[in-house]
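> Could you have a look at this structure, given as structure tokens, before my questions?
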Amino acid sequence: MTIAGAPAVSTTAGRPLLGGRRLPLDWIGTVPFLAYVAVFLFLPTVIVLGGSVFDANGSLTLVNFSHLSRVYIVKATIQTIGLSAFTAVVGAILGALVAYAIAVGNPQGLLRRLTLSVSGVLAQFGGVTLAFAFIATIGPAGFVYLWLAQHHADIYARSTWLFELPGLALVYLYFQIPLMVLVFLPALDGIKPQWREATESLGGGTWHYWRYVAGPLLAPAFLGATLLLFANSFSAYATANALINQGQPVISQQINGALSGEVGSFEPGFAKAIAVEMVIIVTLVTVLYSLLQRRTSRWLQ
Amino acid sequence: MNVGSLSRRLGLAVVAVFVVAACGSSSNNTSASCSESTAKTATSAAACGGMDALVTAAKAEGKLNIIATPPDWANYGEAINGFKAKYGIDITSDNPNGSSQDEINAVTQLGTSSRAPDVLDMGKAVTLANVALYAPYKVATWGDILDSQKEPTGLWWQDYGGYMSIGYDSSKVPAITSVDDLLKPEFKGKVALNGNPKQANAALNGVMMASLAEGGTPDDISKGVDFFKRLKQAGNFIPVQATTATVKNGTTPVVFDWDYLSSSHGTDVPTWKIFEQSNAILGDYYNQAINKNAPHPAAARLWEEYLYSDTGQNDWLRGKARPVRMAAMIKAGTIDKTAAAALPAVNGTPVFLTDSQASNAKNFLTAHWDAAIS
Amino acid sequence: MAAVRGGFQRSKRLKLQVFRTVVLLAAGIFFLVPIGAMFEFSTRGVGDKPRTLEAWQSIGTYPDLVAAITASLELAAITTIVMLVLLAPTMVWVRLKLPGLSPIMEFVCLLPLTIPAIVLVVGLAPIYNWMGNNFSDSILTLSFAYVVLVLPYAYRSLEAGLAAIDVKTLSEAARSLGAGWLTVMWRIIVPNISSAILNSAFLSVALVLGEYTIANNLLYNNLQVEIAFLGRANAGVSIAVAVASLVFAFVILVLLSFFNRGRGRLQLADLQQVMRTERG
């Protein structure tokens, strides 16, 4: 009874006794997470990003960052941003459609179980095997291509686009869409059917429902998922390396080249500088995303 | 009195000789001679008390960590099984698809861990760049290796090699009689390299081989880059990573690769053939080294002894690679004659890149390859 | 009027069904055909030889595979549990008490995805080295790194679930009835974000079962490393074993999906049950 009146979160600053005591207590709740992340995420990140300012002899230098202006690095950066943005947006839209198709179905049904399990598996599927799956399907020796070619529809008449950025984008969608389904579905599950009925009973149609009811509620989750898809595509390596091994159009391939290999191309400081560049790019996209979040919530209000 | 002191001194001298002899013989006693600490710095089997002592010490260690040594690479699988069967030492094979730099990274990153690699098998550029990480060792058959193929103090030495070749599926493309054939329309969308020349040894040598075939010299890889540019413009070159699956499925029926690696495609594609142009026989050897901080130093050294015994060398030969002791073994008659006869035919003078030529090639590729190929 | 409304409802339901069928059919084709192509390839014989399941049969003959599968399953379980225990309460806490921390948490949970795995290994190696020398270098220590790797995915899924329910009102209501924080988390919040928790568990298990780079570069032999090893035998085996790994992960996830009691919506019964327990 005495607790009923007191709010769970203190909104007033300044009641010195309670206010002063509450803040440190609140932070305690985040300590386990922050401690864990400090050791296993921040520390490795600092080691990696910090290594970018050292050269081979261990002295401080900015030469690794100057190497970022190399033509092939700039090209790879721009291409990767474009590829990631495309697969993020298209993957988000298509994934949202598939998620919606599942969400309106039986929540205990077999279809939902199977679709989500398949999505889980495919969201993390990638690399040489995924590349081969597409090669075996629509590659120059793939059965879909051969069937189309027999029917006078040579899809590689101008160029074997499967082994270029368009093909890579298609292959990326293969894991982007399931990922979207998995991270967006909980938001769709939160939509109560009563709201649809309420909208209709008030005379609103589908447009009104999506524009004023479901849309504003789903927008944050949708944008957040798109951001995740962007980062997922941006740092992907193995699939791009299997499909487009020459030319290395994707920035993570350039990093790998500087850290691995046989011919003495080892430039660890440079690889770390590229990693710094990637973190900065994703940070900028995240800032863009939060601006978009705020703007969208204002529009849709 | 003089006789007395003389006989006493003589007696002391005799005792001294006996003591020294006894100490000397106890250090040759197998039970105590090849301990962990001596194995770590032993520069030969003899320094570790002889082969038997080495074997005992290795068996006591019981394990060996190797890296980037897949069983289908130069028939390593047979060597691994043979070693395990002969000595009962368990072998842990890590990172089978790893590159030479990955091996070095594992050594530096794992430091003194018991999971660190014991022995390394690397390409030349990486071997030369990391000499500080190796322990010097000379195998029993050290003398059979030419001076140009080993480091004088035993820090590294060559193991097996082959020649750059064009492997192709003769049922999918016409027979290849020269590198220029690849520019023909029958090869549209069919030619691939094994790896990226900016990082992979096989690919770099593939481009260099094309350069030599086009009339270039080992100092200048530009003709090779130009050749691949033309190949790409003709639509014949595809940038996909060639794997056993893409070869079998017919996506990459033509692959530039080392002849001994290329021949393994024969298990999937019976019609696989190897072509080496007579004016462009480009060879390269890989190199062995022992990790200075090897967690199993005796087993590491025993493994090297095994690889450089006739059995080990013939294992590599059966994998269509040319073992470094081949010339000496042919003279001694210990070579596996059937395997030697099965090697791809080579009818030209082999060329081997020097370190500076390889490094120049790499620098040129780093600056020009991506632009030429995209 | 009712007839018209009924007809309107029927046509809308029909439209929805058509939409569902078209979308799921198209998705099914897009996602399953490449897998079928892989399976078809793995049954090809060599040269002119007929189709064979030899590649599949040979998978069972590799002894190291069982150890790798066991290790990966253990890693999946540990990673998922640690991740849920660490992340879910923290996210609820931040939502309720420290909303200003939310953007920071969002960024922290996106960071693991911005750095490619091969570079992350460079940073993780010294930590794992220290752990190996002072605690243990068992393969199960990989779960520490995996929890971090799965944060981006799990965070997004849990965030979507938490945003869909009014965490503040629910927890306040429960707290005002005398529930402790543990009860609030376990009895009130968790059942209402069960879909989100399940999906993040899916992503976590699938990530661990599919993870290759970090395990490989730290020289551990998990499932994918072992598969890469096996795959070198010949082309058919390399694809067969990859498809087998997908099917295996799929089966694990389907089994996991039966853990979801899936009420999905807050029931009055939850609050009533809390009242009963707390009042004794």
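The values are calculated or read from the model by the stated rules, or taken from the named source; none is laboratory data. For clarity, every value in this text was computed on a predicted model and none was experimentally measured. Positions of Cβ are generated from backbone atoms using ideal geometry, with glycine treated the same way; all protein chains shown enter the neighbour counts.
> Name the pairs whose Cβ atoms lie under 6 Å apart, with the first residue in segment C:224-240 and assigned to a helix (DSSP H, G or I), the second aromatic (Phe, Trp, Tyr), and 6 or more positions between them or separate chains?
C:Gln224/C:Tyr212; C:Leu230/C:Tyr62; C:Ile239/C:Phe41; C:Ala240/C:Trp56
> Separate question: Can you report the number of residues in segment A:106-120 which are facing another protein chain (nearest Cβ under 7 Å) and either more than 24 Å from C:Ala154 (Cβ to Cβ) or touching a residue at least 12 places away in the same chain (Cβ under 8 Å) (or both)?
4
> Among the candidates A:Gly190, A:Gly139, single out the residue that is of a type in the set (Gly, Ala, Ser), under 30 Å from C:Phe259 (Cα atoms) and either at the interface with chain C (Cβ under 9 Å from one of its Cβ atoms) or over 18 Å from the mean Cα position of the chain (by Cα) (or both). Talk me through it step by step, then tell me what you get.
Values: A:Gly139 fails: under 30 Å from C:Phe259 (Cα atoms).
It is A:Gly190.
> While we're looking at this one, here's another question. Out of C:Thr79, C:Thr70, C:Thr52, C:Thr61, I need the residue that is of a type in the set (Ser, Thr, Tyr) and within 21 Å of C:Leu158 (Cα to Cα). Which one?
On the way: C:Thr70 fails: within 21 Å of C:Leu158 (Cα to Cα); C:Thr52 fails: within 21 Å of C:Leu158 (Cα to Cα); C:Thr61 fails: within 21 Å of C:Leu158 (Cα to Cα).
So the residue among C:Thr79, C:Thr70, C:Thr52, C:Thr61 that is of a type in the set (Ser, Thr, Tyr) and within 21 Å of C:Leu158 (Cα to Cα) is C:Thr79.
Conditions tested, residue by residue: (1) among the hydroxyl-bearing types (Ser, Thr, Tyr); (2) touching an Asp or Glu at 6+ places or on another chain (Cβ under 8 Å); (3) modelled with pLDDT under 95; (4) over 17 Å from B:Thr267 (Cα atoms).
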position: C:Gln17; (1), (2), (3), (4): no, no, yes, yes
position: C:Arg20; (1), (2), (3), (4): no, no, yes, yes
position: C:Ala26; (1), (2), (3), (4): no, no, no, yes
position: C:Ile29; (1), (2), (3), (4): no, no, no, yes
position: C:Phe39; (1), (2), (3), (4): no, no, yes, yes
position: C:Ser42; (1), (2), (3), (4): yes, no, yes, no
position: C:Gly47; (1), (2), (3), (4): no, no, yes, no
position: C:Thr52; (1), (2), (3), (4): yes, no, yes, no
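> Just to verify a result, which residue in segment B:95-113, among those that are touching an Asp or Glu at 6+ places or on another chain (Cβ under 8 Å), within 7 Å of chain C (Cβ to nearest Cβ) and in a loop (DSSP other than H, G, I, E, B), is nearest to B:Lys63 (Cα to Cα)? Please lay out each step first, then the result.
The first filter runs over segment B:95-113 and keeps only residues touching an Asp or Glu at 6+ places or on another chain (Cβ under 8 Å), leaving B:95, B:99-101, B:103, B:106, B:113.
The next check asks that each one be within 7 Å of chain C (Cβ to nearest Cβ); those that pass are B:95, B:106, B:113.
Retained after the next criterion (residues that are in a loop (DSSP other than H, G, I, E, B)): B:95, B:113.
Values: B:Asn95: 17, B:Ser113: 14 Å.
Restricting to residues being touching an Asp or Glu at 6+ places or on another chain (Cβ under 8 Å), within 7 Å of chain C (Cβ to nearest Cβ) and in a loop (DSSP other than H, G, I, E, B), the top hit is B:Ser113.
> Filter segment B:289-324 for residues that are of a type outside the set (D, E, K, R), in contact with a Ser or Thr (Cβ under 9 Å, 6 or more places away or on another chain) and not in a loop (DSSP other than H, G, I, E, B) and give the result. Talk me through it step by step, then tell me what you get.
Going residue by residue through segment B:289-324, those that are of a type outside the set (D, E, K, R) are B:289-291, B:293-300, B:302-303, B:306-309, B:311-314, B:316-317, B:319, B:321, B:323-324.
In the following step, the residues that additionally are in contact with a Ser or Thr (Cβ under 9 Å, 6 or more places away or on another chain) were identified as B:289, B:293, B:295-298, B:308-309, B:313-314, B:319.
Hits for segment B:289-324 are B:Ala289, B:Pro297, B:Ala298, B:Gln313, B:Asn314.
> A follow-up question, please. Restricting the search to segment C:150-176, which residues are more than 9 Å from chain A (Cβ to nearest Cβ) and either surrounded by fewer than 24 Cβ atoms within 10 Å (Cβ to Cβ) or free of Cβ contacts under 8 Å to residues at least 60 places away in the same chain (or both)?
Answer for segment C:150-176, where residues must be more than 9 Å from chain A (Cβ to nearest Cβ) and either surrounded by fewer than 24 Cβ atoms within 10 Å (Cβ to Cβ) or free of Cβ contacts under 8 Å to residues at least 60 places away in the same chain (or both): C:Asp166, C:Val167, C:Thr169, C:Leu170, C:Ala173.
> Taking A:Ser201 as meeting all but one of (1) surrounded by fewer than 17 Cβ atoms within 10 Å (Cβ to Cβ); (2) touching a helix residue (DSSP H, G or I) at 6+ places or on another chain (Cβ under 7 Å); (3) within 13 Å of chain C (Cβ to nearest Cβ), write down the number of the exception.
Result: A:Ser201 passes all but (2).
> I would also like to ask the following. Looking only at segment C:234-247, count how many residues are surrounded by fewer than 21 Cβ atoms within 10 Å (Cβ to Cβ) and more than 9 Å from chain A (Cβ to nearest Cβ).
Within segment C:234-247, residues that are surrounded by fewer than 21 Cβ atoms within 10 Å (Cβ to Cβ) and more than 9 Å from chain A (Cβ to nearest Cβ) number 1.
> Could you grab me the full set of residues in segment B:325-340 that are in a loop (DSSP other than H, G, I, E, B) and closer than 18 Å to B:Tyr160 by Cα?
Of the residues in segment B:325-340, the ones in a loop (DSSP other than H, G, I, E, B) are B:325, B:333-336.
Of everything in segment B:325-340, those that are in a loop (DSSP other than H, G, I, E, B) and closer than 18 Å to B:Tyr160 by Cα turn out to be B:Arg325, B:Thr334, B:Ile335, B:Asp336.
> Still on this model: What about C:Val82, is it surrounded by 14 or more Cβ atoms within 10 Å (Cβ to Cβ), within 26 Å of the chain's Cα centre (by Cα), modelled with pLDDT of 95 or more and within 30 Å of C:Leu162 (Cβ to Cβ)? Can you show your working first?
On the way: surrounded by 14 or more Cβ atoms within 10 Å (Cβ to Cβ): yes; within 26 Å of the chain's Cα centre (by Cα): yes; modelled with pLDDT of 95 or more: yes; within 30 Å of C:Leu162 (Cβ to Cβ): yes.
So C:Val82 fits the description; yes.
> Right, something else. Please go through segment B:211-240 and give me each residue that is surrounded by 24 or more Cβ atoms within 10 Å (Cβ to Cβ) and polar (S, T, N, Q), ordered by number.
Matches in segment B:211-240: B:Ser211 only.
> Ok, one more. Scan B:Lys172, B:Lys184 and give me the residue that is touching a Pro at 6+ places or on another chain (Cβ under 6 Å) and more than 21 Å from B:Lys362 (Cα to Cα). Give the steps one after another, and end with the answer.
On the way: B:Lys184 fails: touching a Pro at 6+ places or on another chain (Cβ under 6 Å).
Checking each option against the conditions leaves just B:Lys172.
> Could you tell me which numbered condition C:Tyr220 fails, if it satisfies all but one of (1) surrounded by fewer than 24 Cβ atoms within 10 Å (Cβ to Cβ); (2) more than 30 Å from B:Ser114 (Cα to Cα); (3) over 17 Å from the mean Cα position of the chain (by Cα)?
Unmet for C:Tyr220, out of (1) surrounded by fewer than 24 Cβ atoms within 10 Å (Cβ to Cβ); (2) more than 30 Å from B:Ser114 (Cα to Cα); (3) over 17 Å from the mean Cα position of the chain (by Cα): (2).
> Let me ask another. Just checking, which of C:Phe229, C:Phe202, C:Phe250 is among the aromatic types (Phe, Trp, Tyr), under 22 Å from C:Gln57 (Cβ atoms), within 13 Å of the chain's Cα centre (by Cα) and facing another protein chain (nearest Cβ under 8 Å)?
Working: C:Phe229 fails: within 13 Å of the chain's Cα centre (by Cα); C:Phe202 fails: under 22 Å from C:Gln57 (Cβ atoms).
The unique qualifying residue is C:Phe250.
> Continuing with this model, one more query. Surrounded by 22 or more Cβ atoms within 10 Å (Cβ to Cβ), of a type outside the set (A, V, I, L, M, F, W, C), modelled with pLDDT under 95 and closer than 19 Å to B:Asn205 by Cα, is that true of B:Tyr260? Before you say what the answer is, go through the steps one by one.
Working: surrounded by 22 or more Cβ atoms within 10 Å (Cβ to Cβ): yes; of a type outside the set (A, V, I, L, M, F, W, C): yes; modelled with pLDDT under 95: yes; closer than 19 Å to B:Asn205 by Cα: yes.
Spelling it out, B:Tyr260 is indeed surrounded by 22 or more Cβ atoms within 10 Å (Cβ to Cβ), of a type outside the set (A, V, I, L, M, F, W, C), modelled with pLDDT under 95 and closer than 19 Å to B:Asn205 by Cα.
> Considering segment B:341-353 alone, what residues qualify as being outside any helix (DSSP H, G or I) and loosely packed, with under 12 Cβ neighbours inside 10 Å?
Going residue by residue through segment B:341-353, those that are outside any helix (DSSP H, G or I) are B:342-353.
Matches in segment B:341-353: B:Ala345, B:Asn347, B:Thr349.
> When segment A:242-263 is examined, which residues are found to be assigned to a helix (DSSP H, G or I) and without any contact (Cβ under 8 Å) to a residue 40 or more places away in the chain? Even if it seems obvious, please write down each step before you answer.
Taking segment A:242-263 first, the residues assigned to a helix (DSSP H, G or I) are A:242-243, A:251-259.
Once the filter is applied, which keeps residues that are assigned to a helix (DSSP H, G or I) and without any contact (Cβ under 8 Å) to a residue 40 or more places away in the chain, segment A:242-263 yields A:Ile255, A:Asn256, A:Gly257, A:Ala258, A:Leu259.
> Also, I was wondering about something else. Look through A:Gly51, A:Gly91 and report the one residue that is farther than 20 Å from B:Ala242 by Cα, among the small types (Gly, Ala, Ser) and at pLDDT 95 or above. Walk me through how you get there before you give the answer.
On the way: A:Gly51 fails: at pLDDT 95 or above.
Only one candidate qualifies: A:Gly91.
> Among the residues of segment B:54-82, what is the count of those that are surrounded by fewer than 22 Cβ atoms within 10 Å (Cβ to Cβ) and assigned to a helix (DSSP H, G or I)?
Going through segment B:54-82 one residue at a time, the tally reaches 10.
> Report the residue count in segment B:184-201 for those that are in a helix (DSSP H, G or I) and farther than 16 Å from B:Asn360 by Cα. If you could, list the steps in order and put the result at the bottom.
Going residue by residue through segment B:184-201, those that are in a helix (DSSP H, G or I) are B:185-187, B:201.
This time we only want the ones that are farther than 16 Å from B:Asn360 by Cα, so: B:185-187.
The total comes to 3.
> Still on this model: Given the structure, is A:Phe65 closer than 21 Å to C:Pro116 by Cβ, in a helix (DSSP H, G or I) and away from chain C (no Cβ under 14 Å)? Spell out the reasoning first.
On the way: closer than 21 Å to C:Pro116 by Cβ: yes; in a helix (DSSP H, G or I): yes; away from chain C (no Cβ under 14 Å): yes.
Taking the combined requirement at face value, the residue satisfies it.
> When the residues of segment C:122-154 are filtered to those that are of a type in the set (Gly, Ala, Ser) and in a helix (DSSP H, G or I), which remaining residue is nearest to C:Met105 (Cα to Cα)? I'd like the intermediate steps shown before the answer.
Applying the first criterion (of a type in the set (Gly, Ala, Ser)) to segment C:122-154 yields C:123, C:125, C:132, C:136, C:138, C:143, C:145, C:154.
Checking which are in a helix (DSSP H, G or I) leaves us with C:123, C:125, C:132, C:143, C:145, C:154.
Values: C:Gly123: 21, C:Ala125: 25, C:Gly132: 30, C:Ser143: 21, C:Ala145: 18, C:Ala154: 12 Å.
Only one residue tops the list, namely C:Ala154.
> Right, another one. Would you call C:Ser42 in contact with a Gly (Cβ under 9 Å, 6 or more places away or on another chain), under 27 Å from A:Leu173 (Cβ atoms) and surrounded by 13 or more Cβ atoms within 10 Å (Cβ to Cβ)?
Details: in contact with a Gly (Cβ under 9 Å, 6 or more places away or on another chain): yes; under 27 Å from A:Leu173 (Cβ atoms): yes; surrounded by 13 or more Cβ atoms within 10 Å (Cβ to Cβ): yes.
Yes: the conditions hold for C:Ser42.
> Moving on. Among the candidates A:Thr77, A:Thr30, single out the residue that is touching a helix residue (DSSP H, G or I) at 6+ places or on another chain (Cβ under 8 Å), without any contact (Cβ under 8 Å) to a residue 60 or more places away in the chain, surrounded by 17 or more Cβ atoms within 10 Å (Cβ to Cβ) and polar (S, T, N, Q). Spell out how you get there, then give the answer.
Details: A:Thr77 fails: without any contact (Cβ under 8 Å) to a residue 60 or more places away in the chain.
It is A:Thr30.
> Just to be sure, is A:Gly82 in a helix (DSSP H, G or I) and buried (at least 19 other Cβ atoms within 10 Å of the Cβ)?
On the way: in a helix (DSSP H, G or I): yes; buried (at least 19 other Cβ atoms within 10 Å of the Cβ): no.
In short, no.
> Out of segment B:166-221, which residues are within 14 Å of chain A (Cβ to nearest Cβ) and polar (S, T, N, Q)?
B:Ser171, B:Asn194, B:Asn196, B:Gln199, B:Asn201, B:Asn205
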